[in-house]
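Visitor: My questions all concern the structure below.
The values are calculated or read from the model by the stated rules, or taken from the named source; none is laboratory data. Computed from a prediction, not measured in an experiment: that's the story for all the values here. As a convention, Cβ positions derive from the backbone with ideal geometry for all residues, glycine included, and neighbour counts pool all protein chains shown.
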Amino acid sequence: MEACHPPQQSNVTSFRVLTVTIITLEAFPGMWINAFIVCVLCIAWVQKKTLNSNEKILLLLACSRISYLCFAWVSHFFSLIYPNFLHVHPIVQLIATFQTFFNYSNLWVSACLCGFYCIKIANFRNSFFIYLKGKIDRMVPWLLLGSEILALAMGIVIYDLIETAQWENHTFSSQENFWEARIKMDKHFFSSYFLAGFGYAASFMVVIFSAVCLLFSLWRHKRRMQTNSMKDLSMDAHIRAMKSILSFLVMYSINF
């Protein structure tokens, strides 16, 4: 039995090195691309002294993605070179909280961008839709603020979940009131995971709804323009927005 430990330890170390290498190859290009977006938008901000609604959403989205990738890479890197840090009380909770916050910020701001594209570009005669089209620019800052508040709430939920899980490990070492504590913990974990799943599902549905509405609007617009041989700018805008939303839809499908 003792002779089996060194190969197993070597396999675990090799697996961790491979995992960190893959995450590094994914994280750093993503950080550089989003950092480039942030630089371009900040330069435009300095030159124009203001940003339009689309640029505000993109700026916050890029910052959220950079932060999320950075925290994900740091957590995996430290788990490789210093695995014991996972047992240090405040560190693992804080890293998981910040990683969750930026992940949900990324998801909800992406959903805001998809909804913004849909409302701005799609053409419907519904009175409520027309009202949203006229008010969407004023609503964007509040939507972004709401997204960050929801992301912060999910970060707090994850922090509480990890705290409770660690408390559970210490409590269940003794068998006193085992089943009563077990039932309470199951209820707590269910509510936490339900909220986490709801956060994913709600933002995912926003992206799907935006894609369907924009696709339907594009189909209606194309039918109207079939007899027109001239290049139509509205159709081009529909197609560009659809490409962006479909890319978000692929990302959401993988996350979901």
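Visitor: Looking at (1) at pLDDT 90 or above; (2) under 23 Å from Val250 (Cβ atoms); (3) outside the structural domain of Arg138 (by TED's automatic domain parsing), which one does Lys56 not meet, given that it meets all the others?
Guide: With respect to (1) at pLDDT 90 or above; (2) under 23 Å from Val250 (Cβ atoms); (3) outside the structural domain of Arg138 (by TED's automatic domain parsing), Lys56 is out only on (2).
Visitor: Further question: Would you call Asn84 buried (at least 19 other Cβ atoms within 10 Å of the Cβ), in a helix (DSSP H, G or I) and either over 18 Å from the mean Cα position of the chain (by Cα) or of a type outside the set (Gly, Ala, Ser) (or both)? Spell out how you get there, then give the answer.
Guide: Details: buried (at least 19 other Cβ atoms within 10 Å of the Cβ): no; in a helix (DSSP H, G or I): yes; either over 18 Å from the mean Cα position of the chain (by Cα) or of a type outside the set (Gly, Ala, Ser) (or both): yes.
Taking the combined requirement at face value, the residue does not satisfy it.
Visitor: Can we say Val20 is modelled with pLDDT under 80, buried (at least 17 other Cβ atoms within 10 Å of the Cβ) and either of a type in the set (Ser, Thr, Tyr) or not assigned by TED's automatic domain parsing to the domain that holds Phe248 (or both)? Quick ask: steps written out before the conclusion?
Guide: On the way: modelled with pLDDT under 80: yes; buried (at least 17 other Cβ atoms within 10 Å of the Cβ): yes; either of a type in the set (Ser, Thr, Tyr) or not assigned by TED's automatic domain parsing to the domain that holds Phe248 (or both): yes.
When the stated conditions are applied, Val20 passes them.
Visitor: Would you mention how many residues in segment 108-136 are charged (D, E, K, R) and surrounded by 15 or more Cβ atoms within 10 Å (Cβ to Cβ)?
Guide: Residues that pass the stated criteria total 2.
Visitor: Can you tell which of Cys114, Cys118 is touching a residue at least 60 places away in the same chain (Cβ under 8 Å) and either in contact with a Cys (Cβ under 8 Å, 6 or more places away or on another chain) or not in a helix (DSSP H, G or I) (or both)?
Guide: Details: Cys114 fails: either in contact with a Cys (Cβ under 8 Å, 6 or more places away or on another chain) or not in a helix (DSSP H, G or I) (or both).
So the residue among Cys114, Cys118 that is touching a residue at least 60 places away in the same chain (Cβ under 8 Å) and either in contact with a Cys (Cβ under 8 Å, 6 or more places away or on another chain) or not in a helix (DSSP H, G or I) (or both) is Cys118.
Visitor: Looking at (1) under 22 Å from Leu214 (Cα atoms); (2) part of a helix (DSSP H, G or I), which one does Arg125 not meet, given that it meets all the others?
Guide: For Arg125, the failing item is (2).
Visitor: Check segment 35-49 and report whether any residue there is of a type in the set (A, V, I, L, M, F, W, C), out of contact with any Leu (no Cβ under 8 Å at 6 or more places or on another chain), buried (at least 19 other Cβ atoms within 10 Å of the Cβ) and at pLDDT 90 or above. Full working, then the answer.
Guide: First, pick out the residues of segment 35-49 that are of a type in the set (A, V, I, L, M, F, W, C): 35-46.
This time we only want the ones that are out of contact with any Leu (no Cβ under 8 Å at 6 or more places or on another chain), so: 35-36, 39-40, 43, 46.
Imposing the further condition that a residue be buried (at least 19 other Cβ atoms within 10 Å of the Cβ) reduces the set to none.
No, segment 35-49 contains no residue that is of a type in the set (A, V, I, L, M, F, W, C), out of contact with any Leu (no Cβ under 8 Å at 6 or more places or on another chain), buried (at least 19 other Cβ atoms within 10 Å of the Cβ) and at pLDDT 90 or above.
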